[in-house]
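Here the structure comes first, spelled out in structure tokens, and everything after it is commentary.
Quick note: the coordinates plus some simple rules give every number you see, no bench work behind them. Note that this is a predicted model, so its numbers are computed, not measured. Positions of Cβ are backbone-derived with ideal geometry, glycine not excepted, and every protein chain shown enters the neighbour counts.
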Amino acid sequence: MPKSIKSIAYVHTSDIDPTATKAGGDAWEALVNKCVRAAQDALDVPPAGYTPTQRNSLTDLFTSMEATHRAIRLLVQLGDAKPESVDSLVLARLQLEALYNVCLLVEDPEHVDWFVREAWKRQYVQYLLYREETKVLPRFANSWDAEHARLLTLARIWNVTEEQRLTLEHRELGTTPPVGFHPQAIHDFPTPGKLIRLVPEGPKKRMLERLYPEYQELCAYAHGRPIAGFGKTVFDDRSPVRKEMGEVEVRKMFEQRIKAGTQVYSVLAIAQSTAELMPLYQNNVELARTAGEAWNEIHDAHIVASAVWNIRAKPMFGVVG
């Protein structure tokens, strides 16, 4: 069950300056690029206990976050008169979820295996579904052979066992497994709410608990909840609701919620994901310097960023006070 506000709230003892102008835009994208490069450069050498294949999954996460940040900027640049800009909040949710994933994956190499095996399972289930649906159509005869071969190759790379594959086929298609077969299920990789429970007690867990309400709020836009529809109505220059609210109020809402909020969440996620590699690379000065540079820019850009900075990031950099 989600924790109460009382148990997760970070009580600020000093305020940020809400009138301060932060760079955002190109300057923040430059910080994102630096963080991703530093993470990728560090990961050129797999962390202790991780295989090159496991390392590749971590690298892919950073590459993905970098691209998503660019996509957020493209949507934000549409401005407050285009409802498409609201979908930048959906992408901001992706960034926070990536941070959650990184936080768990750096805890244990076995979590990376779990992460990729579940990804394989989803692809294999889709392959089985399409093959089943088209099995009597002449046009599709032998058309799934190449996909099957690809998935078997990927299974070997990601250490998916034959027992796990047969277990999946038995569950989805009712196939009869061989004599002496012992089922091995591939369990779903946890979404953020469940993932928090697997992180050891301490500042990292407290950070993820504090971020969870933000993640839930952003999920409303991915799930098509009323707030998403309202936003797309307000940020539409043809909407009567926009006129009723007034242009000044609409622009203020856009600046705070869309333009600033999405970019802060995105840079926060990337900066902290980079910082979460620091315990694996304790002698990598460039990794720490780059993550610190990004946090120096954003720690007072948003009240949530300030909370994450004080709960988790600041102690990692050895900042006192």
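What shape does the stretch 173-321 have by the C-alpha gyration tensor, where a ≥ b ≥ c are the square roots of the eigenvalues, rounded means a/c under 1.5, and otherwise prolate means a/b greater than b/c and oblate the rest?
Oblate, because a/c is 1.5 or more while a/b does not exceed b/c.
For the stretch 269-291 and the stretch 82-104, what is the centre-to-centre distance using only Cα atoms, to the nearest Å?
When both Cα centres are located, 21 Å separates them.
Can you give the relative contact order of the stretch 112-173 as a percent, counting alpha carbon pairs under 8 Å and 6+ residues apart?
Numbers: 22 pairs, mean separation 30.8, N = 62.
Reported relative contact order: 50 percent.
Quick one: Asp113, Asp108, fewest Cβ neighbours within 10 Å first, how do they rank?
Listing Asp113, Asp108 from fewest to most nearby Cβ atoms yields Asp108, Asp113.
Please list, or write none, the lysines whose alpha carbon is within less than 27 Å of the alpha carbon of Lys243, excluding same-chain residues fewer than 8 places away.
Lys82, Lys232, Lys252, Lys259
Using the Cβ atoms and a cut-off under 13 Å, what net charge is assigned to the surroundings of Ala9, where Lys and Arg are +1 and Asp and Glu are -1?
Charge balance in the 13 Å sphere: +2.
Between rounded, prolate and oblate, where does the stretch 1-68 land on the alpha carbon gyration tensor, with a ≥ b ≥ c its root eigenvalues, rounded for a/c under 1.5, else prolate if a/b exceeds b/c?
Oblate is the answer for the stretch 1-68, as a/c is 1.5 or above yet b/c matches or exceeds a/b.
So what's the angle, to the nearest 10 degrees on a 0 to 90 scale, between helix 145-157 and the longest Cα principal axis of the chain?
70
Within 10 Å, count the other beta carbons around each residue, average over each peptide in 184-191, 169-176, and list them highest first. Kindly include the intermediate steps, with their values, before the conclusion.
Working: 184-191: 14.2, 169-176: 11.8.
Result, highest mean Cβ count within 10 Å first: 184-191, 169-176.
Less than 11 Å Cβ to Cβ from Lys82, Lys/Arg counted +1 and Asp/Glu -1: what total charge do the surrounding residues give?
-3
In degrees, nearest 10, range 0 to 90: what is the angle between the Cα axis of helix 285-298 and the longest Cα principal axis of the chain?
Tilt of helix 285-298: around 50 degrees.
Going by average Cβ density within 10 Å per residue, which order do the peptides 263-272, 25-34 take, highest to lowest?
Going by the mean number of other Cβ atoms within 10 Å, highest first, we get 263-272, 25-34.
From zero up to wherever the largest Cα-Cα distance of the stretch 61-175 sits, split into 5 Å bins and tell me the percent of pairs in each.
Reading upward from the zero bin: 2, 10, 14, 14, 13, 12, 12, 11, 8, 3, 1.
Can you list the lysines whose alpha carbon sits under 23 Å from that of Lys3, skipping same-chain ones fewer than 8 residues off?
Cross-link targets: Lys194, Lys204, Lys205.
When the helices in the chain are scored as -39500 (n - 2.57) per DSSP H run of 4 or longer and the sum is shared across all residues, what 222 nm value do you end up with, to the nearest 500 deg cm²/dmol?
-19500 deg cm²/dmol
Neighbouring Cβ atoms within 10 Å as the yardstick, rank Cys35, Cys103, Cys219 fewest first.
Ascending number of Cβ neighbours within 10 Å: Cys219, Cys103, Cys35.
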